[in-house]
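Asks: Pasting a structure here, questions to come.
None of the figures in this text is laboratory data; all of them are computed from the coordinates on show. Computed from a predicted structure; not experimentally measured. All Cβ positions, glycine included, derive from the backbone under ideal geometry; neighbour counts span all protein chains shown.
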Amino acid sequence: MILEKLSNAMGVSGNEDAVREIILEAIRPSVDDVTIDAMGNVIAHKAARRKAGQAGLRVMLAAHMDEVGLMVTGHTADGGIKFRYVGGMDDRVMPGLRVQLGKDRVPGVIGLKAIHHTKGGEREKATAVESMVIDIGAANKGEAEGLAPLGTYGAFLVEYRRLGNLVSGKAFDDRAGCSVLVDLLQKDAYPFDVYGVFTVQEEVGLRGAGIAAYRVNPTHAFVLEGTIADDLPRKKDQSPTTQLGKGPALSVLDRSVIADRQLVEHLVATAEAHGIPWQFKQPGIGGTDAGAIHLAREGVPSAPVSVPCRYIHSPVAALDLRDYRNTVKLMELALRDLTAQPGAR
């Protein structure tokens, strides 16, 4: 499992190079061919070990390399750095956070007005990103521009760590899915051609996945994700999106795709047959690369399979390693028993 290395790497949408290099090093000995397309997607082909009834399938397994982050948009006279979000970020968690900027990982902190200077109303609402500044210790505008020029990418500055049965770190959406996909590609050959695709720019509109799906032209696709787990106590009685410790989460509907029902039924049947815990993700929430993949060419039967993660899109995402291992187990068994029937029309 290379989740720790992947989580610590910096790879904001459009700047996935460091993550890509880690993945290439891990998968090259286990696949037959690797291509990097014009967008930066990694397309790894693992050739089939044929079995009656399964020849002719081309299965795409996708996970996105990019993470949410920020980009430098300006500099103040006193050396502060203005920025905007890349992907969906939450104003509420930003003030006071440590961040890293550019290839040199210049450290900084998102400035926060001292509580002594705030008024009651200010303390009750989130500070808008337009009012935030990153402090990297620069004395003036010229020094700040030299260390973090316009367009420099930034990410949370935090390291992966163990918390009992949980692990915590940044970018589990979707480095958890990338790590699962690496594990699956490192296993023995499957009864059909498998294309492990590590996509780019998912967080800014599923931009890499559709292009990769057009190129691979799969018969079926599974999208491996880290998804919302909001299972902590609430004032209002309502079902959580997913829960830690309950196993991989299967989607039937989100904002990007209606999952192929026969693929979902195959996943459920596999989990039940092998005693693997699983759960349904609450319908209608979020979206994945499946939204672009299932529309490629004549259409691709697709289903997301997710590792539940608390606090995604923050520097302290948390997942249960038992859910992670059960996701790998479920996917491997489901692939080895997959036939042309799921998704057939």
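Asks: For the pair residue 262/residue 25, report the inter-label distance in nm, with labels modelled 7 Å from Cα in the Cβ direction.
Replies: About 4.2 nm separates the two model spin labels.
Asks: Percent antiparallel among DSSP beta bridges with both residues in the chain, to the nearest 5? Walk me through the intermediate numbers first.
Replies: Values: 38 of 60 bridges.
DSSP beta bridges in the chain are roughly 65 percent antiparallel.
Asks: Based on alpha-carbon centroids, what's the gap between segment 284-309 and segment 194-259 in Å, whole number please?
Replies: Distance between centres, Cα-based: 6 Å.
Asks: Assuming a strict under-19 Å limit between Cα atoms, what lysine pair count do you get for segment 69-156 once near-sequence pairs (fewer than 8 apart, same chain) are dropped? Present the calculation step by step, with values, prior to reporting the outcome.
Replies: Details: 82/103; 82/113; 82/141; 113/125.
Lysine pairs, 8 or more places apart or on different chains, close enough: 4.
Asks: How far apart, in nm, are the 7 Å Cα→Cβ label points at residue 163 and residue 112?
Replies: Reported label-point gap for residue 163 and residue 112 is 1.7 nm.
Asks: Something else: Evaluate the distance, in nm, between pseudo-label points positioned 7 Å from the Cα of residue 84 and of residue 298 along their respective Cα→Cβ axes.
Replies: Roughly 4.2 nm, to one decimal.
Asks: Which order do the peptides 144-151, 286-293 take when ranked by the mean count of other beta-carbon atoms within 10 Å per residue, highest first? Numbers along the way, then the final one.
Replies: On the way: 144-151: 16.4, 286-293: 25.4.
Result, highest mean first: 286-293, 144-151.
Asks: Springs between alpha-carbon pairs under 10 angstrom, Gaussian network model over the chain: which of 320, 32, 254 fluctuates most?
Replies: Result: 32 has the largest fluctuation of those listed.
Asks: Return the aspartates and glutamates within reach of residue 246: Cα separation strictly under 20 angstrom, same-chain partners fewer than 8 residues apart disregarded; answer none if there are no such residues.
Replies: 173, 174, 225, 230, 231, 237, 254, 265, 272, 320, 323, 332
Asks: To the nearest 20 debye, what is the magnitude of the charge dipole of segment 64-200 about its Cα centre, counting +1 on the Cβ of each Lys and Arg and -1 on the Cβ of each Asp and Glu? Provide the component values of the computation, followed by the final result.
Replies: Working: 16 positive and 18 negative charges, 93 e Å.
Magnitude of the dipole: close to 440 debye.
Asks: In which sequence would 78, 37 go, from the one with the fewest C-beta neighbours within 10 Å to the one with the most?
Replies: Details: 78 12, 37 15.
Final ranking by Cβ density, sparse to dense: 78, 37.
Asks: To continue, here is another question. In Å, what is the Rg of the alpha-carbon atoms in segment 269-345, and how long is Dmax?
Replies: For segment 269-345, the Cα-based Rg and Dmax read 14.6, 43 Å.
Asks: Report the calculated FRET efficiency for residue 186 and residue 273 (r = Cβ-Cβ distance, R0 = 25 Å), to the nearest 0.05.
Replies: Values: r = 24 Å, r/R0 = 0.95.
After rounding to 0.05, the efficiency reads 0.55.
Asks: When a/c reaches 1.5 or more, the comparison of a/b and b/c decides; with that in mind, is segment 220-337 rounded, prolate or oblate per its Cα gyration tensor? Write down the numbers at each step before the final one.
Replies: Working: a/c = 1.80, a/b = 1.28, b/c = 1.41.
It is oblate, given that a/c is not under 1.5 and a/b is not larger than b/c.
Asks: Only helical DSSP H runs with n ≥ 4 go in: add -39500 (n - 2.57) per run for the chain, normalise by residue count and round the 222 nm mean residue ellipticity to 500 deg cm²/dmol.
Replies: Theoretical 222 nm ellipticity from helices: -7000 deg cm²/dmol.
Asks: Moving to a separate point now. What FRET efficiency comes out for the pair residue 32/residue 5, r = Cβ-Cβ distance, R0 = 22 Å, nearest 0.05? Please list the in-between numbers first.
Replies: Working: r = 24 Å, r/R0 = 1.08.
In this case the efficiency is close to 0.40.
Asks: Same structure again: Translational D (Stokes-Einstein, µm²/s) of segment 69-156 at 25 °C and 0.890 mPa s when Rh comes from the Kirkwood sum over C-alpha pairs? It would help to have the intermediate numbers written out before the result.
Replies: Working: Rh = 13.2 Å.
Result for D is 186 µm²/s.
Asks: Please state, as a whole number in µm²/s, the translational diffusion coefficient that the Stokes-Einstein equation yields for the chain at 25 °C and 0.890 mPa s, with Rh defined as the Kirkwood radius across alpha carbon pairs.
Replies: Details: Rh = 20.9 Å.
D, rounded to a whole number, is 118 µm²/s.
Asks: Moving on. Using the crude model of +1 on Lys and Arg Cβ and -1 on Asp and Glu Cβ, and no other charge, please compute the dipole size for the chain relative to its Cα centre, in debye to 20. List each step's numbers first, then the result.
Replies: Values: 40 positive and 42 negative charges, 106 e Å.
Charge dipole, the chain, about its Cα centre: 500 debye, nearest 20.
Asks: Okay, next question. Given a Förster radius of 45 Å and the C-beta distance between residue 321 and residue 131 as r, what FRET efficiency does 1/(1 + (r/R0)^6) yield to the nearest 0.05? Before the final figure, lay out the partial values.
Replies: Details: r = 39 Å, r/R0 = 0.86.
My answer for the efficiency is 0.70.
Asks: Could I ask something else about it? For each of 162, 175, count neighbouring Cβ atoms within 10 Å of the residue's Cβ, then give the residues from fewest to most.
Replies: Numbers: 162 11, 175 32.
With the sparsest Cβ surroundings first, the list reads 162, 175.
Asks: Using the number of other C-beta atoms within 10 angstrom as an exposure proxy, rank 251, 239, 314 with the fewest first. Write down the numbers at each step before the final one.
Replies: Details: 251 29, 239 10, 314 21.
Neighbour counts put them in this order, fewest first: 239, 314, 251.
Asks: Long-range amide H contacts for residue 111: which residues qualify at under 5 Å (H placed 1.01 Å from N, peptide plane, sequence gap of 5 or more or a different chain)?
Replies: 96, 133, 134, 135
Asks: May I pose another question? Which listed residue (179, 197, 247) has the Cα farthest towards the positive end of the charge dipole for the chain, taking +1 on Lys and Arg C-beta and -1 on Asp and Glu C-beta about the Cα centre?
Replies: Of 179, 197, 247, it is 247.
Asks: Also: Sum up the charges of everything whose Cβ sits under 10 Å from the Cβ of residue 251, counting Lys and Arg as +1 and Asp and Glu as -1, but leave residue 251 out.
Replies: Working: positive: 281; negative: 225, 254.
Charge balance near residue 251 sits at -1.
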